[in-house]
Amino acid sequence: MSFTKEDYFRLFPSCIAVKGYSRSLIIDTDERKLFYIGNSHYNLIQELETNSVLEIISIKSNDEGFIFLNYLLRNNLGQIIKKENLDNFLPIDSNINIPFTSNSIIDVDNYNFSLLKLSIEKLSLAKISNIQFRFLNDISFSQLKKIIQLIESFSFYTVEFLFSSTLYSMMSKENISYLENNQLITKIFVFNSNYERIQRNSKFLFLSKVLNDYNLCGHTSVKYFSSFLETVINSKKYNSCLNCKISIDKEGQVKNCPSMKESYGNIKDVSLIDVLNMTSFQKFNKITKDNINVCLDCEYRYVCSDCRAYTDNPTDIYSRPSKCNYNPYICKWKNEEGYKTLEECGVISNKDAFSIDFDKIVSINKLLWEEETENA
Ligand code: SF4
Ligand code: SF4
């Protein structure tokens with residue numbers, strides 16, 4: 001491939017580069033794929049914003065720039081543009097407002113249809129589009145069907161269910177196909193399953209986790225990341241879990257999330273529209289991962305949901321999600337060989353301080369990644 005001094009490179013607007021402490025990521029929001037790149041390559045992409053391809057290639061030794069450019073083009077992450085056409089190539093404006101669809105969670109412990117009906121009516125009045133029902137105790141299929149029939153009389157967009165495998169094991173083929181074919185239901189998480197399973201072309205996701213308050217959500221894993229363009233853009237501006245979310249816990253208390261302590265009143269007594277407008281209720285809306293200790297250094301920060309219910313330090317609103325199993329300073333997940341805790345890497349993140357021992361991280365990474373390259 002040869003270039004002229006008129007050739008420039010641009011990532012496609014749907015491909016978003018994110019720099020982390022130790023490596024960077026390109027999120028391909030069209031293909032919903034993640035591409036890992038070095039931070040020097042992230043810098044190269046920035047340099048390509050203002051320099052022609054030829055200029056960049058000529059200043060990089062060992063054809064590094066050329067090889068990387070080929071990698072980007074081969075993976076369909078960007079394109080070569082003539083200088084005269086640069087003005088026509090508009091990147092996605094991260095200041096545009098992509099409206100978040102509004103979400104809600106209803107926790108159900110002891111099945112109480114009249115309380116559920118009241119909650120659903122009030123959510124509909126507040127123009128909430130999506131509901132997730134989390135059944136903490138066993139319910140029967142007929143109770144579930146009664147709830148579905150009720151929701152169908154409103155204009156919600158999507159519904160998700162979380163329940164235990166006990167209900168699934170009691171369902172007939174007809175029951176399962178009723179749920180599979182219902183347009184409103186988008187996902188069904190079956191907890192307490194014997195093994196983890198995702199079925200192709202099915203709404204059912206089987207999880208081996210025990211169904212309890214703590215296990216229901218907030219876990220961090222590549223399989224839970226969301227690389228939709230809407231999520232990535234909104235995550236840069238708003239909290240990726242709690243913005244536009246309202247919840248009703250198993251006691252009927254209205255909260256940001258059912259697992260949080262603070263209540264804004266009981267669903268029997270309050271208007272959800274009033275709660276949504278309270279300044280205190282909105283306090284999490286604009287906390288992004290760029291504000292959260294440790295996450296602000298993580299390359300996954302715009303694809304990862306930000307749990308505020310379970311954090312390292314509950315008294316610090318900017319504390320890292322405590323269920324996170326990733327160390328962005330060494331790019332290792334807890335179950336991977338060579339993993340070290342933040343503390344072992346010299347990263348202090350507690351109620352008094354957030355500090356990083358830069359030299360220690362350099363030496364750990366050197367040891368870790370040089371060893372891995374040698375063993376590869
Ligand atoms: S704040 Fe955490 S526990 Fe609450 S809904 Fe979000 S991820 Fe789940
Ligand atoms: S460090 Fe933060 S952004 Fe990164 S994976 Fe963990 S919770 Fe998500």
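Residue by residue, here is whether (1) surrounded by fewer than 17 Cβ atoms within 10 Å (Cβ to Cβ); (2) in contact (Cβ under 8 Å) with a residue 24 or more places away in the chain holds:
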site: Ser259; (1), (2): no, yes
site: Ser263; (1), (2): yes, no
site: Lys268; (1), (2): yes, yes
site: Ile273; (1), (2): yes, yes
site: Met278; (1), (2): yes, no
site: Lys283; (1), (2): yes, yes
site: Thr288; (1), (2): no, yes
site: Ile292; (1), (2): no, yes
site: Cys295; (1), (2): no, yes
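Restrict the check to region 334-341 and report whether at least one residue is more than 24 Å from Asn215 (Cβ to Cβ), surrounded by fewer than 17 Cβ atoms within 10 Å (Cβ to Cβ) and among the basic types (Lys, Arg). Give the derivation first.
Initially, region 334-341 is screened for residues more than 24 Å from Asn215 (Cβ to Cβ), giving 337-338, 340.
Then drop every residue that is not surrounded by fewer than 17 Cβ atoms within 10 Å (Cβ to Cβ), which leaves 337-338.
This time we only want the ones that are among the basic types (Lys, Arg), so: none.
Taking every residue of region 334-341 in turn, none turns out to be more than 24 Å from Asn215 (Cβ to Cβ), surrounded by fewer than 17 Cβ atoms within 10 Å (Cβ to Cβ) and among the basic types (Lys, Arg).
Residues that are basic (Lys, Arg), modelled with pLDDT under 95 and under 30 Å from Arg32 (Cβ atoms) are absent from region 248-268. In the condition set (1) more than 16 Å from ligand 1 (Cβ to nearest atom); (2) surrounded by fewer than 14 Cβ atoms within 10 Å (Cβ to Cβ), Asp357 is compliant with all but (2). Within the bounds of region 269-290, is there any residue that is of a type in the set (D, E, K, R) and assigned to a strand (DSSP E or B)? Looking through region 269-290, none of the residues is of a type in the set (D, E, K, R) and assigned to a strand (DSSP E or B).
Condition check: surrounded by fewer than 15 Cβ atoms within 10 Å (Cβ to Cβ), assigned to a helix (DSSP H, G or I) and without any contact (Cβ under 8 Å) to a residue 40 or more places away in the chain. Does Gln143 satisfy that? I'd like the intermediate steps shown before the answer.
Values: surrounded by fewer than 15 Cβ atoms within 10 Å (Cβ to Cβ): no; assigned to a helix (DSSP H, G or I): yes; without any contact (Cβ under 8 Å) to a residue 40 or more places away in the chain: yes.
So Gln143 does not fit the description; no.
Looking only at region 246-266, residues that are more than 9 Å from ligand 1 (Cβ to nearest atom), within 20 Å of Thr315 (Cβ to Cβ) and small (Gly, Ala, Ser) come to 1 in all. Can we say Leu167 is assigned to a helix (DSSP H, G or I) and buried (at least 16 other Cβ atoms within 10 Å of the Cβ)? Yes: the conditions hold for Leu167. Filtering Tyr300, Tyr318 for residues that are in a loop (DSSP other than H, G, I, E, B), surrounded by fewer than 19 Cβ atoms within 10 Å (Cβ to Cβ) and within 16 Å of ligand 1 (Cβ to nearest atom) leaves a single hit, Tyr318.
The values are calculated or read from the model by the stated rules, or taken from the named source; none is laboratory data. A quick note: this is a predicted structure, and the numbers were derived from the prediction, not measured. Note that we place each Cβ from the backbone using ideal geometry, even for glycine, and neighbour counts take in every protein chain shown.
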